[in-house]
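Heads up, the thing below is written out as structure tokens.
The values are calculated or read from the model by the stated rules, or taken from the named source; none is laboratory data. Because the structure is predicted, anything quoted here is derived from the model rather than measured. Cβ atoms come from the backbone with ideal geometry, glycine included; neighbour counts cover every protein chain shown.
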Amino acid sequence: MGKVALWGASGVIGHGVAQLFRDAGRPYRVVGRSREALEQSFGSDALAEIVTWDPDDPASVRVAAEGIETIVYLVGVDYTKFELHPILMRKTLDGAIAAGVTNMLLVGTVYPYGRPRTTPVREDHPREPHTFKGRKRKEQEDLLLADDRAGRIRGAVLRVPDFYGRDVAKSLLNEIFDKGIAGKTASVVGPIDRPHEFAYVPDVCAVIVRLIDEPRAYGKVWHLGGAGVTTTREMIARVERETGKKLKTFAAGKTALRLIGLVDPLLREFVEMHYLVTEPVILDDTALHELLGPIHKTSYDDGVRAIVG
């Protein structure tokens, strides 16, 4: 197994994958823009090599990728700057290819599909994004898959639904675990009774670690679904059962999001993605199970218990 770089390592997925490498005694590299932030998160781990990159400096990107066999691409951008997704992917690919990187796994989203034609959605579902964010995510995927087809790098995409877990700062559920438990009013995106699925962060990380070492994974797109279909209301009820508290919540529909968005840029940006609440994309991950074998999925009850316990 060659060395892996977690590109954009500072998020919860980067931390979770790093912990699994640490547990396995496997050296790895973390790549990010801020050395201070990386030192704070990974400086105490002797297995972690810390490297910074500047995406506007091709030499910096190449140096950050040198000696790496596989990149796990986790680079996030501000929700108001989604146009950066394909730009940063192109710069990373150019540097990685120049450095001789063999593989790249992009951890992606359901955004490129647009409105679902089927339930559940398989990997061969048409990608017809009707939103700006969906188009930018599709462009990001297309760059990697085109370089894979051209033989410049082996690329794979793992699409996952909304995350939930400890320290997840931006998700449909984070205010429930933050403000709700603290006795404050938690804002949630409504309607809250529509089917949805959520991926528990440790489960996603475990799949990433297995997928990057599977040669048959590359050149393809894979789905990892949640632990079944649930609703936001059911997730709220689970938190209430575990905490013994009645949560105060405010469900904001599309109209409310537009109004709140007049003063909150983040919620304003979510308006175009509101269809994901009313027309949920539920993923069929049969192919991933056939590739990897049994995949552990933490039940929603156990996931909530681990977060609030």
Subject >> Count of residues meeting criterion [more than 10 Å from MET89 (Cβ to Cβ), surrounded by fewer than 18 Cβ atoms within 10 Å (Cβ to Cβ) and either of a type outside the set (Gly, Ala, Ser) or within 18 Å of the chain's Cα centre (by Cα) (or both)] in the stretch 130-153 >> reply: 5
**OP:** Would you be able to tell me the number of residues in the stretch 224-257 that are assigned to a helix (DSSP H, G or I), β-branched (Val, Ile, Thr) and closer than 30 Å to VAL157 by Cα?
**Re:** 1
Original post:
Residues THR109, THR70: which one is touching a residue at least 60 places away in the same chain (Cβ under 8 Å) and polar (S, T, N, Q)?
Top reply: THR70
Subject >> Candidates ALA182, ALA186 - the one that is small (Gly, Ala, Ser), over 25 Å from ARG122 (Cα atoms) and in contact with a strand residue (DSSP E or B) (Cβ under 9 Å, 6 or more places away or on another chain) >> reply: ALA186
Original post:
Within the stretch 174-216, which residues are acidic (Asp, Glu) and under 22 Å from HIS296 (Cα atoms)?
Top reply: GLU197, ASP203, ASP213, GLU214
**OP:** Within the stretch 87-99, identify whether any single residue is under 29 Å from LEU267 (Cα atoms), of a type in the set (A, V, I, L, M) and surrounded by fewer than 18 Cβ atoms within 10 Å (Cβ to Cβ), and answer yes or no.
**Re:** yes
Subject >> Matching residues in the stretch 154-189 - criterion: being buried (at least 18 other Cβ atoms within 10 Å of the Cβ), of a type outside the set (A, V, I, L, M) and within 11 Å of ILE307 (Cβ to Cβ) >> reply: TYR164, GLY165, ASN174, PHE177
Original post:
For the stretch 32-85, what are the residues that are of a type in the set (Phe, Trp, Tyr) and under 28 Å from ARG152 (Cβ atoms)?
Top reply: TRP53, TYR73, PHE82
Original post:
Hey, among the residues in the stretch 28-63 that are touching a helix residue (DSSP H, G or I) at 6+ places or on another chain (Cβ under 7 Å) and aliphatic (A, V, I, L, M), which one's surrounded by the fewest Cβ atoms within 10 Å (Cβ to Cβ)?
Top reply: LEU47
Subject >> Residues satisfying the stated conditions in the stretch 190-202, i.e. of a type in the set (A, V, I, L, M, F, W, C) and under 13 Å from MET235 (Cα atoms) >> reply: ILE192, PHE198, ALA199
Original post:
Which of the residues belonging to the stretch 84-120 are of a type in the set (S, T, N, Q) and either under 26 Å from GLY11 (Cα atoms) or not in a loop (DSSP other than H, G, I, E, B) (or both)?
Top reply: THR92, THR102, ASN103, THR109
Subject >> Meets criteria (surrounded by 14 or more Cβ atoms within 10 Å (Cβ to Cβ) and in contact (Cβ under 8 Å) with a residue 60 or more places away in the chain) for LYS248 >> reply: no
Original post:
Of the residues that sit in the stretch 146-168 and are of a type in the set (Lys, Arg) and part of a loop (DSSP other than H, G, I, E, B), which one is nearest to ALA227 (Cα to Cα)?
Top reply: ARG166
Subject >> One residue from GLY43, GLY25 being more than 21 Å from the chain's Cα centre (by Cα) and on the phi > 0 side of the Ramachandran plot >> reply: GLY25
Original post:
Which condition does GLU123 not pass, out of (1) in contact (Cβ under 8 Å) with a residue 60 or more places away in the chain; (2) in a loop (DSSP other than H, G, I, E, B); (3) closer than 30 Å to LEU267 by Cβ, if it passes all the others?
Top reply: (3)
Subject >> Tabulated pairs, the stretch 20-35, first under 14 Å from SER60 (Cβ atoms), second modelled with pLDDT of 95 or more and part of a helix (DSSP H, G or I), C-beta under 6 angstrom, 6+ apart or interchain >> reply: VAL31/ALA64; GLY32/LEU38
